[in-house]
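Okay, structure first, notes after.
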Number of protein chains: 4
Amino acid sequence: MKRFTGIYTPIATPFLRDGSLDEPSLRSNVAKWMATSLTGLVVLGSNGEAASLDDDECDRIVDIVREGVPQDRPLIAGTGRESTRATIAATQRAADAGADAALVRTPSFFKPQMTSDAFVRHYTEVADASPIPVLLYNVTLYTGVNLLPDAVERLATHPNIVGMKESGGDIAQIADFVGRTPEDFTVLAGSATTLVHALYAGCDGAVLALAALAPDACQRMLLLVKERRLDEANALQRELLPLARSVGGLYGVPGLKAALDLLGYAGGEPRPPLRSVSSKIIELLSEQLGSLGLISSSLR
Amino acid sequence: MKRFTGIYTPIATPFLRDGSLDEPSLRSNVAKWMATSLTGLVVLGSNGEAASLDDDECDRIVDIVREGVPQDRPLIAGTGRESTRATIAATQRAADAGADAALVRTPSFFKPQMTSDAFVRHYTEVADASPIPVLLYNVTLYTGVNLLPDAVERLATHPNIVGMKESGGDIAQIADFVGRTPEDFTVLAGSATTLVHALYAGCDGAVLALAALAPDACQRMLLLVKERRLDEANALQRELLPLARSVGGLYGVPGLKAALDLLGYAGGEPRPPLRSVSSKIIELLSEQLGSLGLISSSLR
Amino acid sequence: MKRFTGIYTPIATPFLRDGSLDEPSLRSNVAKWMATSLTGLVVLGSNGEAASLDDDECDRIVDIVREGVPQDRPLIAGTGRESTRATIAATQRAADAGADAALVRTPSFFKPQMTSDAFVRHYTEVADASPIPVLLYNVTLYTGVNLLPDAVERLATHPNIVGMKESGGDIAQIADFVGRTPEDFTVLAGSATTLVHALYAGCDGAVLALAALAPDACQRMLLLVKERRLDEANALQRELLPLARSVGGLYGVPGLKAALDLLGYAGGEPRPPLRSVSSKIIELLSEQLGSLGLISSSLR
Amino acid sequence: MKRFTGIYTPIATPFLRDGSLDEPSLRSNVAKWMATSLTGLVVLGSNGEAASLDDDECDRIVDIVREGVPQDRPLIAGTGRESTRATIAATQRAADAGADAALVRTPSFFKPQMTSDAFVRHYTEVADASPIPVLLYNVTLYTGVNLLPDAVERLATHPNIVGMKESGGDIAQIADFVGRTPEDFTVLAGSATTLVHALYAGCDGAVLALAALAPDACQRMLLLVKERRLDEANALQRELLPLARSVGGLYGVPGLKAALDLLGYAGGEPRPPLRSVSSKIIELLSEQLGSLGLISSSLR
């Protein structure tokens, strides 16, 4: 049986003025998302600024979010680290704190050595040791390495590796992931700018920053593709494109946080060296949210 | 006055069978290097597998190495992290443990946001807070981002930023760093395959994995360029090229560790997902070391 | 009304032993293709080795092929050159020889100067002067430049620019071409490895080397997408993938010519510096053609 | 004995208002260059817009320029084409018209097939057939392919292949060309922004657009390196850098032609799709020429 299908969002991590974790805001954000059509949440993803958090903060975040996410809605935690041993430790801690699955980003520092063989060994050891199901996570934009279909094909046979998230927009590669993995292996799209194309190619859902802002539209896209309403799905994709670009690679985490602020969530400032977006970009985001009906014109 | 000129090596980190830090081997390696012509050591660099070490290990390593490096030989510690606050904390800990300078790798996870402005703010805050001099560190092969001359030019005016290490082989960029920074700003080369060209362009020295194996040859290169003996310098570069490639990008840390084993240092296994090189590559390294006279043929 | 929808193949150019044009083989190949389900033919495309033909040969080829292609089946001729004036001249000659439309590859030699503005001026002047409709042609794999959606959007308003061929596999860009051009602007896919995804994104057909070998399968793909039979379409794409890769970037024109030989067409040797593929690749192509039922096992 | 050492410029091709070749201007330009310290001229290079010229124009240009270049100063003609047979034909025509050597750009259209083996066969056939010595020509910026050291090493043994021009700025690759070819094989640099570094690495001279504007400075650079005056050479390189960038990749042929106009040569408009640079860039070029003392301030 396929698990973890649906629409997820990799939630942002709010900080206080002094730069430390803003726990109350995190709780209230989660409560708001739980009132939406989102299937579940991903914590400690790229958009959660996991790369800039220390281990104690990571543990605390999983704790807090698990309290706000009911058991029947999946909570996935990012646990990738550069070394296999640190990844295993982080995965075990996330499991202890109640995560339903671990989303494990490829190690990437030693790029020339990150071959398919290295990835297969790394993920196999992590999955062997993990108390919870493992999802592979390929995010070339941020890591500079690519988890290739041949590695995924080999890893998909591991009983504790149940799926993957592919954040890139190479549809041929996504189709290859779908075509070379078993029926019960979940492939989740991670790029909102190519969402509809990834779904046509066979993805079972998506983990999208955009879904934090427009969960209904993302769920609707899933439905339109399921019902083979291609014209409507393509039209919806075109509508979503400007905002999808803004909170994707273009303005990144700072863009997502500014958009969250505009929607009444606690976005706030990212952790340096990331900085808040300019007021001009906030205005652009406001227009994009408005044209999708996500904020009323009176609020703009 | 220019500081930190000369030839340094970014030392490897030896591990025990169980994967933990091998402190005695680290001590004995340092003692051996201190008996060579090396100017000083860099700990917690890319070749030290810093990306795969936790903070406690990092602190311990600086402590141990400082004990073995006399005060009149520079000890530089890698302290780069993804967030500015974690970088500052790591830098302060390295200073407490006795490092003479901090080599601060660019943050790199959020690549599209890592603009020159972001780098200038990051390094300025780190240098403001650091008790010891800061060296910028650009290593695009591993980070996927590039610290551009315009950012370096702006940062070189900071009183606590005294130099940089550039690990790439783009000589025009290196010449730009030299040309656009003050006389007392140290530019160190990080690529052994282009060492002679970087020195012609004005570098004041180098931080090289190769220097752990062939310190005399690296010091000789510095001298040949100083004395304008270009034909000899170019010939030496050609001689060093095969080994330089092997312990550079080609076989990386596993290659360096295998070469150290061959020379009687404690290299050992890298921390997974890195793996030891094959016996075929060990043989190749042995030949390359032999042809440079670094191991006698009887040992091969 | 949309023109030039359907499935086309960019025909190979057969040569005699002495390297000159093999006119009888060209005629017999065309006759064979005219007996298939292909919508029409493209001559002097990348796969026709246009880059290696002189102007006289180009003129002769259009003449010969036009004789073999009835007026109710479209004949499109590649007429791109590096200079605007040479492109206009080639287009006029192709029109004189009876081509129904000109497929005009982007100029690409002076890459840094090939901006959207430069492309808009180039294509506008060509379209102004052309007696026949113009199709834009973007083939980044071979040219190293990319014709961006903003340029296409501007050019699509020209009354004599009726469509385009995009040979790349970036589906988001293809969707952008479809979304930003008028209803009657034809977008043709040029990459067989991503054919189904390009059709989902709204392409009206394709110009494919693969279609020279498997015209029925390509036409069937068009139908499956039209009828929204996504599972069958995705399955067909997976079936076609190995051969699509072989006669695409992997073995290129030499691969296509070897496959044509296997199917009883006159493929022959490409013009040097291209060389025939090895016997090992011929065997592989034979297997791939066989597994698609394009050659019987007795022939293999 | 090494041939073709020294400083050459790849001359621009002037056009009349109607777009045809401006023969009188070409003659007068050549006469002016013959009054400078330039070693010789290259016609039909990238900067000569060879890609946009037809064969008749090419022949005419070699004829005219040969008349203006005395026999004791080398005239090199670009003769590269996409096919081997067309390259041979162009080389024979250039030899007939009096060129002293042929500069043969790599074919590049079918990029995935342009392997070292393909290049070796292409150049061997061309050199076998050529009545004049052949120089290899690697210009990755414009071709998108790279002629690697292993191919050059093999080709350098051919008696009729006497040298090469490398237009890129990868100094390690240039050093490899020098190190792996015989003593009498000439390596010419083609990038003015890295000229000094290429000379340190062992280049015997250069073919530079910059040399059309600043021949004395380029000759002086050659001398400074020969005399091992590295500080002066590096300083001169820094001085030349802004103009070198402008007439290199940045503004390309249009930039070079505008600079020629400013110096009293006949530059004029490039052939479309290339267009003249803006007045703002002309002003910048004027400043750059002025600060090098190439035009007096009264002329600016």
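The values are calculated or read from the model by the stated rules, or taken from the named source; none is laboratory data. Just so you know, these numbers come straight off a predicted model, no measurement behind them. Backbone-built Cβ (ideal geometry, glycine too); neighbour counts: all protein chains shown. Quick note on the areas: whole protein, heavy atoms, side chains included, nothing else; ligands and nucleic acids left out. Shrake-Rupley method; radii C 1.70, N 1.55, O 1.52, S 1.80 Å.
With in a helix (DSSP H, G or I) and away from every other protein chain (no Cβ under 12 Å) as the only criterion, which of D:Glu283, D:Glu232 stands out? Give the derivation first.
On the way: D:Glu232 fails: away from every other protein chain (no Cβ under 12 Å).
That would be D:Glu283, the only listed residue that is in a helix (DSSP H, G or I) and away from every other protein chain (no Cβ under 12 Å).
Taking into account only those residues within the range C:24-41 that are open to solvent by 10 Å² or more (accessible area, probe 1.4 Å) and in a helix (DSSP H, G or I), which is farthest from C:Pro14 (Cα to Cα)? Even if it seems obvious, please write down each step before you answer.
Initial filter on the range C:24-41 (open to solvent by 10 Å² or more (accessible area, probe 1.4 Å)): C:24-25, C:27-28, C:31-32, C:34-37, C:39.
This time we only want the ones that are in a helix (DSSP H, G or I), so: C:24-25, C:27-28, C:31-32, C:34.
Numbers: C:Pro24: 9, C:Ser25: 7, C:Arg27: 10, C:Ser28: 11, C:Ala31: 14, C:Lys32: 14, C:Met34: 17 Å.
Checked the range C:24-41; the qualifying residue farthest from C:Pro14 (Cα to Cα) is C:Met34.
From (1) closer than 19 Å to D:Asp231 by Cα; (2) away from chain D (no Cβ under 12 Å); (3) surrounded by fewer than 23 Cβ atoms within 10 Å (Cβ to Cβ), pick out the condition that doesn't hold for B:Gly205.
(3)
Considering the range C:42-58 alone, what residues qualify as being in a loop (DSSP other than H, G, I, E, B) and open to solvent by less than 10 Å² (accessible area, probe 1.4 Å)?
Passing the criteria: C:Gly45, C:Glu49.
Select from the range A:27-55 the residues that are in contact with a strand residue (DSSP E or B) (Cβ under 9 Å, 6 or more places away or on another chain) and farther than 21 Å from A:Gly190 by Cα and list them in ascending order.
Correct list: A:Leu53 only.
Exactly one of (1) touching a residue at least 12 places away in the same chain (Cβ under 8 Å); (2) within 14 Å of chain A (Cβ to nearest Cβ); (3) in contact with a Pro (Cβ under 8 Å, 6 or more places away or on another chain) is unmet by B:Gly248. Its number?
Unmet condition: (3).
Within the range B:59-87, take every residue that is assigned to a helix (DSSP H, G or I) and either of a type in the set (Ser, Thr, Tyr) or touching a strand residue (DSSP E or B) at 6+ places or on another chain (Cβ under 8 Å) (or both) and give me the one that is nearest to B:Pro14 (Cα to Cα). Even if it seems obvious, please write down each step before you answer.
Step one: of the range B:59-87, the residues assigned to a helix (DSSP H, G or I) are B:59-68, B:84-87.
Restricting the remaining residues to those that are either of a type in the set (Ser, Thr, Tyr) or touching a strand residue (DSSP E or B) at 6+ places or on another chain (Cβ under 8 Å) (or both) gives B:60-62, B:65-66, B:84, B:87.
Values: B:Arg60: 13, B:Ile61: 10, B:Val62: 14, B:Val65: 12, B:Arg66: 16, B:Thr84: 28, B:Thr87: 24 Å.
Here the residue is B:Ile61.
Would it be correct to say that B:Val152 is out of contact with any Gly (no Cβ under 8 Å at 6 or more places or on another chain), within 30 Å of B:Leu243 (Cα to Cα) and either without any contact (Cβ under 8 Å) to a residue 12 or more places away in the chain or crowded, with 19+ Cβ neighbours inside 10 Å (or both)?
Working: out of contact with any Gly (no Cβ under 8 Å at 6 or more places or on another chain): yes; within 30 Å of B:Leu243 (Cα to Cα): no; either without any contact (Cβ under 8 Å) to a residue 12 or more places away in the chain or crowded, with 19+ Cβ neighbours inside 10 Å (or both): yes.
No, not satisfied.
Take the range C:174-183 and flag every residue that is away from every other protein chain (no Cβ under 11 Å), under 14 Å from C:Val152 (Cβ atoms) and not hydroxyl-bearing (Ser, Thr, Tyr).
We begin by selecting, within the range C:174-183, every residue away from every other protein chain (no Cβ under 11 Å); these are C:177, C:181-183.
From what is left, the residues that are under 14 Å from C:Val152 (Cβ atoms) are C:177, C:181-182.
Answer for the range C:174-183, where residues must be away from every other protein chain (no Cβ under 11 Å), under 14 Å from C:Val152 (Cβ atoms) and not hydroxyl-bearing (Ser, Thr, Tyr): C:Phe177, C:Pro182.
In the range B:36-46, is there at least one residue being of a type in the set (Val, Ile, Thr), under 11 Å from B:Gly68 (Cα atoms) and in contact (Cβ under 8 Å) with a residue 24 or more places away in the chain?
no
Only one of these conditions is not met by C:Pro107: (1) farther than 22 Å from D:Pro272 by Cα; (2) free of Cβ contacts under 8 Å to residues at least 40 places away in the same chain. Which number is it?
Result: C:Pro107 fails condition (1) only.
So which helices (runs of 4 or more DSSP H) are wholly in the range B:127-215 and hold at least 2 residues that are more than 23 Å from A:Gly144 (Cα to Cα)?
Working: elements: B:140-143, B:149-155, B:171-179, B:195-200, B:210-213.
It comes to B:149-155, B:171-179, B:195-200, B:210-213.
Answer yes if at least one residue in the range C:290-298 is over 30 Å from D:Val120 (Cβ atoms), modelled with pLDDT under 95 and not in a helix (DSSP H, G or I), and no otherwise. First the steps, then the outcome.
Going through the range C:290-298, the residues over 30 Å from D:Val120 (Cβ atoms) turn out to be C:290-298.
From the residues that got through so far, the ones that are modelled with pLDDT under 95 too are C:295-298.
Narrowing the set further to residues that are not in a helix (DSSP H, G or I) leaves C:295-296.
Within the range C:290-298, one or more residues are over 30 Å from D:Val120 (Cβ atoms), modelled with pLDDT under 95 and not in a helix (DSSP H, G or I).
Of all residues in the range C:262-280, which are part of a helix (DSSP H, G or I) and either crowded, with 19+ Cβ neighbours inside 10 Å or touching a residue at least 60 places away in the same chain (Cβ under 8 Å) (or both)?
The initial filter retains those residues of the range C:262-280 that are part of a helix (DSSP H, G or I), namely C:262, C:279-280.
Scanning the range C:262-280 gives a single hit, C:Leu262.
Report the residue count in the range D:119-138 for those that are touching a strand residue (DSSP E or B) at 6+ places or on another chain (Cβ under 8 Å) and either more than 10 Å from every other protein chain (Cβ to nearest Cβ) or open to solvent by 20 Å² or more (accessible area, probe 1.4 Å) (or both). Walk me through it before giving the result.
Of all residues in the range D:119-138, those touching a strand residue (DSSP E or B) at 6+ places or on another chain (Cβ under 8 Å) come to D:123, D:126-127, D:130, D:132-138.
With either more than 10 Å from every other protein chain (Cβ to nearest Cβ) or open to solvent by 20 Å² or more (accessible area, probe 1.4 Å) (or both) added as a condition, the list becomes D:127, D:130, D:132-138.
Residues meeting the conditions: 9.
Show the residue pairs that are 6+ apart or on different chains and have beta-carbon atoms under 9 Å apart, the first residue being within the range C:166-193 and charged (D, E, K, R), the second being in a strand (DSSP E or B) and at pLDDT 95 or above.
Between residues of the range C:166-193 that are charged (D, E, K, R) and residues that are in a strand (DSSP E or B) and at pLDDT 95 or above, the close pairs are C:Glu166/C:Leu136; C:Glu166/C:Tyr137; C:Glu166/C:Asn138; C:Glu166/C:Val187; C:Glu166/C:Leu188; C:Glu166/C:Ala189; C:Asp184/C:Val162; C:Asp184/C:Gly163.
Restricting attention to the range A:184-198, and to residues there that are open to solvent by 10 Å² or more (accessible area, probe 1.4 Å) and touching a helix residue (DSSP H, G or I) at 6+ places or on another chain (Cβ under 7 Å), which single residue is farthest from the other protein chains (Cβ to nearest Cβ)?
Checking each candidate, the answer is A:Ala192.
Read through the list (1) within 21 Å of the chain's Cα centre (by Cα); (2) over 25 Å from B:Lys2 (Cα atoms); (3) buried (at least 23 other Cβ atoms within 10 Å of the Cβ), then give the number of the only condition that B:Gly80 fails.
Unmet condition: (2).
Could you check the range A:1-52 and list, in sequence order, the residues that are of a type in the set (Lys, Arg) and either touching a Pro at 6+ places or on another chain (Cβ under 9 Å) or under 19 Å from A:Ala97 (Cα atoms) (or both)? Quick ask: steps written out before the conclusion?
Within the range A:1-52, the first condition is being of a type in the set (Lys, Arg), and the residues that meet it are A:2-3, A:17, A:27, A:32.
Answer for the range A:1-52, where residues must be of a type in the set (Lys, Arg) and either touching a Pro at 6+ places or on another chain (Cβ under 9 Å) or under 19 Å from A:Ala97 (Cα atoms) (or both): A:Arg3, A:Arg27.
Report, by residue number, each residue of the range A:83-94 that is more than 18 Å from the chain's Cα centre (by Cα) and small (Gly, Ala, Ser).
Scanning the range A:83-94 gives A:Ser83, A:Ala86, A:Ala89.
For the range A:87-118, give me each residue that is closer than 27 Å to A:Gly68 by Cβ, open to solvent by less than 40 Å² (accessible area, probe 1.4 Å) and either at the interface with another protein chain (Cβ under 8 Å from one of its Cβ atoms) or polar (S, T, N, Q) (or both).
A:Thr87, A:Thr91
Filter the range D:24-59 for residues that are more than 14 Å from every other protein chain (Cβ to nearest Cβ) and closer than 17 Å to D:Ala206 by Cβ and give the result. First the steps, then the outcome.
The first filter runs over the range D:24-59 and keeps only residues more than 14 Å from every other protein chain (Cβ to nearest Cβ), leaving D:24-43, D:59.
Across the range D:24-59, the qualifying residues are D:Trp33, D:Thr36, D:Ser37, D:Leu38, D:Thr39, D:Gly40, D:Leu41, D:Val42, D:Val43.
Matching residues to (1) modelled with pLDDT of 95 or more; (2) in contact with a Ser or Thr (Cβ under 7 Å, 6 or more places away or on another chain); (3) within 21 Å of C:Lys111 (Cα to Cα):
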{"position": "D:Ser52", "(1), (2), (3)": "yes, yes, yes"}
{"position": "D:Thr91", "(1), (2), (3)": "yes, yes, no"}
{"position": "D:Ala94", "(1), (2), (3)": "yes, yes, no"}
{"position": "D:Gly98", "(1), (2), (3)": "yes, no, no"}
{"position": "D:Ala102", "(1), (2), (3)": "yes, yes, no"}
{"position": "D:Pro112", "(1), (2), (3)": "yes, no, yes"}
{"position": "D:Arg121", "(1), (2), (3)": "yes, no, no"}
{"position": "D:Ile132", "(1), (2), (3)": "yes, no, no"}
